[in-house]
């Protein structure tokens, strides 16, 4: 049953000689940004389940009151779906099932009892289509009803606030729109498409929602790329004609009439700066969505992939001998080849391997590491190999490969081996002294 127009309590009380003790209380709900058009009851049992007396007593209902904007005095209809299962005996205007409909004047209250004796999982919501869901709000609590619950077991001397349930949901996503290097990862120079999704989570239409966003740091907005989709049709959102061309900053845009179960999506594109500092591991983007006094700030973060790069420079007897003839040496004299390996990319490298095109020439590490056994960006290591001069003109080539090392979320992960090799060549000419 329901009992409208009962006093809205901060506590339920029983009078006893010489005192007025409070049996239970609950936290008051702040009006600013906390009232919504629907309530989801958590714990809502009607009696002490451990008691063996009064087995059918239901003495702890849900208390609900309606709050309307200043100057609005018309009553509002509130519907209760006892089990939150959309399986009640009645159907509202938008096809949702409910069990009880109550008409409340502003700040009047009602007690709502589930016929099975347990209010747990009850959904209470504004179901009056004549009042904007962004303006008509409700607050609720669950707790013992004086005069109904037993003074002793199975009565429950307790209660709590029933938290507001969101009128809408909002989400943020990002995907690659253009991927010049074809690696499927977010990299400098890539075009990223962001989307903001706003959906109606209530059982009545939403009159309007305001959506704002900013162009993320280290990116540039793609002019004319912002669009709006109402679930059926995609239409462009014009760029701003003053200030930033991005249409979602400076107050954002307002979309109207989000239907029950409706989902609206706004998309826009940015290009990741090619010179984004290597110290920036990811790009974060946050939107702000307002529906009446409710708000949400969905965020998405995209890690930035760094491409590995490595260079090798080979010298013969200290000379950069990339083409003949190279240094002249006597047959049989010792020759030293030096290989200078430099990390010219933006990420650290491990498992550096240096080889030579001539069989038997095996470069070995000489120095350059700062002690961490990792080839850091702009760091150079030196390798050397030795041999003896033979008669005639000849050349050999040095090769290097390394493994990119990625650090994410405080943990080190090794990618699949990526070959990053650059050639360095050298030639020597031997002569026999007369």
Next item on the list: Order the peptides 77-88, 137-148 from the highest to the lowest mean number of other Cβ atoms within 10 Å of their residues.
Entry: 137-148, 77-88
Item checked: Sites residue 120 and residue 353 - FRET efficiency at Förster radius 60 Å, r taken between beta-carbons, to 0.05 -> 0.40
Item checked: Separation of the residue 179 and residue 280 label points, Cα + 7 Å toward Cβ, nm -> 2.1
Next item on the list: Specify which labelled value, from (i) 42, 27, 20; (ii) 75, 27, 16; (iii) 82, 26, 19, agrees with semi-axes √(5λ) of the Cα gyration tensor in Å derived from the coordinates of the model shown.
Entry: (ii)
Checklist line | Taking only Cα atoms of region 104-177, radius of gyration then Dmax in Å | finding: 18.1, 66
Next item on the list: Quick one: plug the Kirkwood hydrodynamic radius of region 178-260 (C-alpha pairs) into Stokes-Einstein at 37 °C, 0.692 mPa s, and report D in µm²/s.
Entry: 221
Notebook entry, point to check: Calculated FRET efficiency, residue 85 and residue 158, Cβ-Cβ r, R0 25 Å, to nearest 0.05?
Noted result: 0.45
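Readers should treat all values here as calculations from the given coordinates under stated rules, not as data from a laboratory. Please read these numbers as outputs of a predicted model, since none were measured by experiment. Please note: Cβ atoms are built from the backbone with ideal geometry, for glycine as well, and neighbour counts cover all protein chains shown.
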